[in-house]
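Step one of this worksheet: look at the structure below.
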Amino acid sequence: MRFLSLFISTFVALIATAAEPKTLQPLSTALTMHVSFDKDLHADYSKGDRFGYTRKGKENVKAEPNDEGKILQGVGKFGGALWFPKKGNFRPQYNNVNVLDYNEKNWSSTVSIWLKLDPNKDLEPGYCDPVQIVGNDTKKGFIFLEWSKDESPRYFRYAIRPLFNIWNPTNVQWADIPFNKRPMVQVEKAPFSRTDWTHVVFTLENINNKSKKPRGKLFINGKLQGSIENWDLTLGWDPAQVLLVLGAAYVGHMDDLGVFNRALDDAEVKQLFELKKGISELYH
């Protein structure tokens, strides 16, 4: 009888544990910036500079919505959204310090964004990079999401280009390097459309760490698409000049930009994808 009672209590405890929602605390702690695009181009939450900027001549000025980048109310995945109606020169950017936190010793990060477009109908000819991480020199490193320029339908990619001599020792064009020789993840049929929002997450892990293997992962709608591994991913940027940049040749909507100070694992990315109200749940 006592054994049966113990069995029942253990079983009930297991059921109760399984029913408990997974805590959001690890995601909340790792979050460094969130831009909802509900009101403007600035961060709703940031551990660093909350303002978005744009280039004006040689200066960075606070980014404001305009004809090339509009804030639209009520059309986002969660509230408002940023809309790029045509290919232009407007590229909102966010500073590195306490957000991306790129450094020369050991850098890990995660970027999350929701996108809505039909790349084969909306994008203009040529490459399109909806999200980039750039430094003071693209030959010292270049990280980007990309739609290819020639394929139909266009391929979607995540690339981490390290120091130029590492990924391109023979000095040829990016387009001329065989796909399997590039430091990237390529998705030939990604589920982007004009009617449904698509969640994209990319991670960076152990970049510039000489004692651990570096890696980058690409996720779409909570599912792993592939990894950039078995590459020397050493970057040589000046941390003071590192930026997160949006909208290079992009035509379409984007929403709920988030940055985290470590590489989220597969389960955490799925958890992020399933948030009912978006990233604001992590700090409200």
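The values are calculated or read from the model by the stated rules, or taken from the named source; none is laboratory data. Nothing here was measured: the structure is a model prediction, and the numbers come from that model. In this analysis, Cβ positions are derived from the backbone assuming ideal geometry, glycine residues included, and neighbour counts consider all displayed protein chains.
Some points to look at:
- Taken over region 145-186, the criterion of being of a type in the set (A, V, I, L, M, F, W, C) and under 19 Å from Ile133 (Cβ atoms) is satisfied by Leu145, Trp147, Phe156, Ala159, Ile160, Leu163, Phe164, Ile166, Trp167, Trp174, Met184, Val185.
- Counting the residues of region 136-147 that are buried (at least 19 other Cβ atoms within 10 Å of the Cβ) and either in contact with a Gly (Cβ under 7 Å, 6 or more places away or on another chain) or not in a strand (DSSP E or B) (or both) gives 1.
- Enumeration of residues in region 12-39 that are exposed (fewer than 10 other Cβ atoms within 10 Å of the Cβ) and modelled with pLDDT of 95 or more: Gln25
- Only strands (runs of 3 or more DSSP E) whose full extent lies in region 40-132 are considered here, and the ones with at least 1 residues that are at pLDDT 95 or above and of a type in the set (Lys, Arg) are 59-62, 70-72, 107-116.
- Of the listed requirements (1) under 25 Å from Gln271 (Cα atoms); (2) small (Gly, Ala, Ser); (3) out of contact with any strand residue (DSSP E or B) (no Cβ under 6 Å at 6 or more places or on another chain), Gly216 misses just one: (3).
- Where Arg157 falls short, out of the listed (1) more than 26 Å from Gln271 (Cβ to Cβ); (2) in contact with a strand residue (DSSP E or B) (Cβ under 8 Å, 6 or more places away or on another chain); (3) buried (at least 21 other Cβ atoms within 10 Å of the Cβ): (1)
- Failed condition for Ala43, given (1) buried (at least 18 other Cβ atoms within 10 Å of the Cβ); (2) under 18 Å from the mean Cα position of the chain (by Cα); (3) touching a residue at least 60 places away in the same chain (Cβ under 8 Å): (3)
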